[in-house]
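FYI, it's all coordinate maths here, none of it is from the lab. Because the structure is predicted, anything quoted here is derived from the model rather than measured. Using ideal geometry, Cβ is built from the backbone for each residue, glycine included, and neighbour counts are taken over all protein chains shown.
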Amino acid sequence: MAHARRPLIAGNWKMHKTVAQTRAFIAELLAAALPEEIDVVIAPPFTALEAAHDALGESPVFLGAQTMHEGAQGPFTGEISPVMLIELGVTYVILGHSERRLQFGESDASINNKVRSAIAHGITPVVAVGETEAEHAAGVARVRVVSQTVAAFAGVTAADAGRCVVAYEPIWAIGTGLVDSPEGANAVIGEIRACVAGLENARLLYGGSMKGENAAALMAQPNIDGGLVGGASLTVPGFLAIVEAARARANA
Ligand code: 13P
């Protein structure tokens, strides 16, 4: 039986790839046969979105942005609005990534503003939550991610929340090779699913050192509908290995 929540694999390229590199990646990706049973998203830097949109053409791969401002336009030097993203074919936006929270001062309140704006503009938020290494060691991971999730979805209806995506990314697992255990990630994601009305229907992802070698075991867990992938999404073979693992979940 096909899974009710369609698996989703999203590549977060972070500050990687020029326009030329983006075009080369997409040409290589589209030469592969992508599974029809899952959704695939790539999130290049802002500067490569237009080229990515052009190169993706009519392919089923969705385009994501890595953050956005909540306003439609205004005096916000350096910021990018949802209206600008929609014009470039963007349908997903990563919001609240730990790198944005920790290095660029994004608060729970500003992430909530962005989530509500994305929904209002018809862009699907991929809300990232996760605990630090110290919080993990102190045993407060679940409390931390539940509080981030509740804050991100304040004022969002259950119906809208159900169409959103949340990615659990333990910060100690990002870019470290220290992947969370499938059971541990499943338990935390289960708490995320239960803490906001509507998230029982949402796609909930794991992120943090996801690779071809560990993706299938993670996505075999009942609560893990896919992955938000950093480093392994930067090469087509690395990304495809995870996409193939998600196909197995779709057909489970
Ligand atoms: P890595 O897959 O490189 O650990 O990054 C995860 C991440 O932060 C995706 O948003």
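In summary, residue 175 fulfils each of the numbered conditions (1) away from the ligand (no atom under 16 Å from the Cβ); (2) surrounded by fewer than 18 Cβ atoms within 10 Å (Cβ to Cβ); (3) assigned to a loop (DSSP other than H, G, I, E, B) with the single exception of condition (1). A single member of 158, 215 is in contact (Cβ under 8 Å) with a residue 12 or more places away in the chain and under 19 Å from residue 243 (Cα atoms), and it is 215. Scanning segment 11-31 for residues that are of a type in the set (Gly, Ala, Ser) and buried (at least 20 other Cβ atoms within 10 Å of the Cβ) gives a single hit, 11. Is it true that some residue in segment 201-214 is over 18 Å from residue 92 (Cα atoms), touching a strand residue (DSSP E or B) at 6+ places or on another chain (Cβ under 6 Å) and not charged (D, E, K, R)? Within segment 201-214, one or more residues are over 18 Å from residue 92 (Cα atoms), touching a strand residue (DSSP E or B) at 6+ places or on another chain (Cβ under 6 Å) and not charged (D, E, K, R). For segment 170-191, filtering for residues that are under 15 Å from the mean Cα position of the chain (by Cα) and under 20 Å from residue 249 (Cα atoms) leaves 1.
The set of residues from segment 236-252 being free of Cβ contacts under 8 Å to residues at least 60 places away in the same chain and under 19 Å from residue 14 (Cα atoms) comprises 237, 238. Selection within segment 190-245: residues that are among the charged types (D, E, K, R) and within 14 Å of the ligand (Cβ to nearest atom). The member of this set that is surrounded by the most Cβ atoms within 10 Å (Cβ to Cβ) is 211. Determine if segment 73-86 includes at least one residue that is crowded, with 17+ Cβ neighbours inside 10 Å, closer than 23 Å to residue 205 by Cα and of a type in the set (S, T, N, Q). No, the conditions are met nowhere in segment 73-86.
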